[in-house]
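FYI, it's all coordinate maths here, none of it is from the lab. Only a predicted model underlies this, so the values are computations on that prediction, with no experimental measurement involved. Positions of Cβ are backbone-derived with ideal geometry, glycine not excepted, and every protein chain shown enters the neighbour counts.
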Amino acid sequence: MKPKHILIVASYSPSLIHFRGDFIKSLIENNYKVYTAAPDYPEKTLEELKSIGAHPIEFKLERTGLNPVKDLKSISELKFIIKKYQIDLVFPYTVKPVIYSSIAAKQSNVSVISLITGLGFAFTGLTYKARTLQRLNEFLYKISIRKNKVIVFQNKDDYALFLDRNIITPKNKVAFVSGSGVNFNKYKFRENTKTTPDIRFLFVARLIQEKGINMFIEAAKTLKQKFPEAQFHVIGGPDQSPTAIKLKALKQLHKEGIIVYHGRQKNVPEHLYNSDVFVLPTYYREGIPRSILEALSVGLPIITTDTPGCRETIKKDENGILIPPQDLNALTQAMAFFLNQPEKIKSMGLASRAYAEERFNVNIINKDLIKLINDVCFKEIKN
């Protein structure tokens with residue numbers, strides 16, 4: 001039987017390997033021909049995608065900001081790609097790909113399964129700019145995704161918000177997956193038996209205020225006074241966001257011994273293995289953070305915020321601590337909990353791995369997505 005053609009659309013091309021590589025492999029193993037569309041492929045990403053059997057296509061997309069002329073060109077390019085490669089199904093993820101691909105596919109009479117991976121800064125409602133962007137994004141989502149075959153969410157909070165804001169209706173077909181999942185062969189479990197006070201806390205994220213980097217640093221400053229042996233590690237490259245922390249400030253904090261700044265790293269698993277507690281005090285509107293899933297898999301206790309997506313990763317009092325968003329005192333106390341009781345790291349780490357195996361196995365998540373494609377979308381295509 002001739003394989004069906006699937007177009008996976010992303011705004012950041014390396015994520016096609018890092019977050020969707022196992023999914024692409026699974027699709028190909030199930031006799032689908034996979035095309036990927038994204039802007040600005042690094043040569044390494046192109047090679048990796050081709051090596052697993054995908055067909056990468058480049059198109060122009062402004063990842064941030066709004067430029068009507070450029071955005072219309074992006075939609076036009078996607079329509080051209082859909083027609084040229086005889087696409088049967090479009091599978092976009094993240095905000096702009098979901099909106100633009102859904103419009104392009106609808107105009108091309110092609111089915112869409114869209115994946116909502118989180119709502120980002122725009123839906124935090126914290127600033128006038130965020131509230132303005134939220135209203136605009138709500139309108140764009142409403143006109144683009146209502147005709148999609150399925151809308152896949154990573155948490156129930158985002159689904160409830162879409163219903164409440166009338167972006168979708170109860171008649172829309174939806175499904176839920178537990179994030180992008182984690183490959184246990186890449187992020188292997190290691191048991192931590194540390195009982196000494198030289199606890200290594202690890203922060204891995206975009207270095208912007210909404211991800212909690214400033215709070216992490218302030219907590220480190222406070223805790224260093226009482227627990228000088230504690231270490232506070234930061235991984236992430238410089239960011240162009242207006243709320244990004246400056247590289248100069250990070251280097252100065254590193255020089256002062258407040259944090260250990262590693263910059264952008266390719267060997268994140270190694271840093272996870274060498275850490276004791278994973279910290280992500282984000283108030284960004286997450287789907288389910290991939291960084292936490294990786295930390296769960298390795299067997300790290302988690303400190304994160306009681307917000308959509310993040311709360312999905314914690315079993316209360318079992319594998320980590322949930323704190324209120326933007327609560328520095330709560331974050332400091334949560335980190336001090338492990339410094340005062342390092343023996344808790346082992347039991348909570350074991351619980352993290354068990355929870356990862358129970359809920360976040362990438363093979364189970366990919367199987368569910370492929371079943372969704374088979375049962376819901378391709379059945380309708382054939383009919």
Only Cα pairs within less than 10 Å get springs; with that Gaussian network setup on the chain, which residue of 122, 105, 249 has the largest fluctuation?
249
For the pair residue 156 and residue 80, how long in nm is the line joining their label points, each one 7 Å along Cα→Cβ?
4.5 nm
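Summarise the long-distance tail of P(r) for segment 39-195 by giving the % of C-alpha pairs beyond 19 Å.
62 percent
May I ask you to derive the relative contact order of segment 200-359, considering only C-alpha pairs under 8 Å and at least 6 residues apart, and to give it as an integer percent?
24 percent
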Suppose we take every Cα in the chain and form the convex hull; what volume per residue is that in Å³?
134 Å³
Mind checking the full-extension length gain between residue 51 and residue 196? Use 0.36 nm per residue of separation minus the Cα-Cα distance, one decimal, nm.
47.7 nm
Mind checking which of 213, 292, 282 is farthest towards the positive end of segment 200-359's charge dipole, using Cβ charges of +1 (Lys, Arg) and -1 (Asp, Glu) about the Cα centre?
213
How would you rank 123, 337, 201, going from fewest to most other Cβ atoms within 10 Å of each one's own Cβ?
337, 123, 201
Find out how many positive minus negative residues lie around residue 289, taking Lys and Arg as positive, Asp and Glu as negative, among other residues whose Cβ is under 15 Å from that of residue 289.
-1
What is the list of residues in segment 221-258 whose amide nitrogen lies under 19 Å from a point 7 angstrom out from the Cα of residue 131, following Cα to Cβ?
none
Looking only at segment 200-359, where both bridge partners belong to it, what percent of the DSSP beta bridges are antiparallel (to the nearest 5)?
5 percent
Quick one: length gained pulling residue 343 to residue 31 fully straight, 0.36 nm per residue minus the C-alpha distance?
107.5 nm
To the nearest 0.05, what FRET efficiency results for residue 311 and residue 247 with a Förster distance of 51 Å applied to their C-beta separation?
0.95
Under the Debye formula (equal points on every Cα, no solvent term), log10 I(q)/I(0) of segment 200-359 at q = 0.17, 0.18 Å⁻¹:
-0.96, -1.09
Gaussian network model of the chain, Cα springs within a sub-10 Å range: biggest mean-square fluctuation belongs to which of 240, 134, 333?
240
Using the eigenvalues of the Cα gyration tensor, what equivalent ellipsoid semi-axes result for segment 221-285 when each is taken as the square root of five times the eigenvalue, whole Å, largest first?
19, 17, 13
Extension reserve of the residue 318-residue 185 stretch, reckoned as 0.36 nm per residue once the Cα distance is removed
45.5 nm
